[in-house]
Amino acid sequence: MSVTPGIGMTSQRTRARMVERLREQGIKDPAVLAVMGSIQRHVFLEEALQSRAYEDTPLPIGHGQTISSPLTVARSCELVYHGEPLERVLEIGGGCGYQAAVLSRLAKQVISLERIAKLVRQARLNLQQLRVTNVMMKVADGSHGYDKGAPYDAIVVAAAMPEIPRDLPRQLKTGGRLVAPVGNGSEQRLVMIEATADGFREQTMEAVKFVPLLSGVS
Ligand code: SAH
């Protein structure tokens with residue numbers, strides 16, 4: 001089968017099948033499903049892996065890191081998206097830029113922090129290729145968010161935190177939501193925090209598996 005971008009294993013039809021599987025796996029939001037069907041995940045992978053881009057699995061992107069699985073990305077987007085375009089979103093752990101591209105279609109502006117400079121360079125090229133212009137990728141340790149861009153409608157954390165630092169939910173607008181994998185090693189759960197007028201409401205959800213959040217830049 002051909003692996004030339006746009007046909008065969010990287011075609012629109014292959015993405016449509018991926019969206020079907022996401023639906024079967026419980027993703028319901030029509031906007032999130034539409035965006036998942038429109039973003040070319042293979043663009044974020046090296047050529048040798050492009051034919052596997054629409055499998056439901058994380059894949060290596062170099063530097064010991066992975067691109068999140070389509071289900072992981074869809075699930076966290078669905079949890080923070082409430083049916084209307086988000087104003088400003090912060091992503092912590094941008095990697096190769098895939099989730100930032102998905103978020104770019106659900107939000108007016110996305111700030112994405114990534115601690116590995118070489119990945120940021122690659123992510124910027126990937127986003128350029130998809131003509132995404134509303135994502136700012138920054139080389140930074142995002143362990144404590146990015147106060148300068150606050151307040152956010154949503155904060156999406158893509159690396160596992162041992163616990164959510166107190167200063168992170170404070171960067172949300174009222175009504176805004178934060179989603180983060182919390183725990184270490186094999187014991188991680190997705191946690192959602194909503195900023196309400198009377199304080200923060202926290203919910204612990206399904207078990208997940210993310211790479212660990214590390215400190216400092218490299
Ligand atoms: N959102 C990415 C997932 C990348 S995996 C996607 O769309 O596929 C998680 C990323 O978090 C890795 O690239 C890792 O380098 C990064 N990371 C880990 N600790 C970090 C920190 N403290 N600040 C910013 N990025 C971090």
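In percent, what relative contact order does the chain have, based on Cα pairs under 8 Å that are 6 or more apart in sequence?
It rounds to 15 percent for the chain.
From the backbone phi of the stretch 167-184, what are the Karplus-calculated ³J(HN,Hα) couplings (6.51 cos²θ - 1.76 cosθ + 1.60, θ = phi - 60°) in whole Hz, Gly and Pro given as x?
Whole-Hz 3J(HN,Hα) from phi for the stretch 167-184: 6, 6, x, 5, 8, 8, 6, 4, x, x, 10, 10, 10, 8, x, 10, x, 9.
Roll a 1.4 Å probe over the protein heavy atoms and report the accessible area of residue 147 in Å², nearest 10.
In the full protein context, residue 147 sits at about 110 Å².
Would you please state which residues of the stretch 147-170 a label at residue 136 would reach in this model, taking the label point 7 Å out along Cα→Cβ and a backbone N cut-off of under 12 Å?
147-151
Can you tell me the convex hull volume per residue for the stretch 58-207, based on C-alpha atoms, in Å³ to the nearest whole number?
Looking at the stretch 58-207, the number lands at 103 Å³ per residue.
In nm, what is the difference between 0.36 nm times the number of residues separating residue 167 and residue 12 and their Cα-Cα distance?
The span from residue 167 to residue 12 would gain 51.7 nm if fully extended.
Just flag the trypsin sites (Lys or Arg not before Pro) in the stretch 124-217 sitting in loop per DSSP whose Cβ has no more than 11 other Cβ atoms within 10 Å.
131, 166
Taking Cα pairs under 8 Å and at least six residues apart, what relative contact order does the stretch 116-218 come out at, in percent?
Details: 174 pairs, mean separation 25.9, N = 103.
Contact order relative to length: 25 percent.
Compute the accessible area per residue over the chain, keeping the other protein chains in place, probe 1.4 Å, unit Å².
Here the residues of the chain average 49 Å² of exposed surface.
Loop only by DSSP, 11 or fewer other Cβ within 10 Å of the Cβ. Give me the GluC sites (Glu not before Pro) in the stretch 116-218 that pass, ordered by residue number.
Qualifying residues, ordered by number: 163.
Leaving out ligands, DNA and RNA, and with a 1.4 Å probe, what % of the accessible surface on the stretch 58-207 is carbon or sulfur?
That share works out to 46 percent.
The values are calculated or read from the model by the stated rules, or taken from the named source; none is laboratory data. All values derive from a computational prediction rather than experimental measurement. Methodologically, a virtual Cβ is constructed for each residue, glycine included, from the backbone with ideal geometry; neighbour enumeration extends over all protein chains shown. Surface accessibility is based on the protein's heavy atoms, side chains included, excluding ligands, DNA and RNA. Shrake-Rupley method; radii C 1.70, N 1.55, O 1.52, S 1.80 Å.
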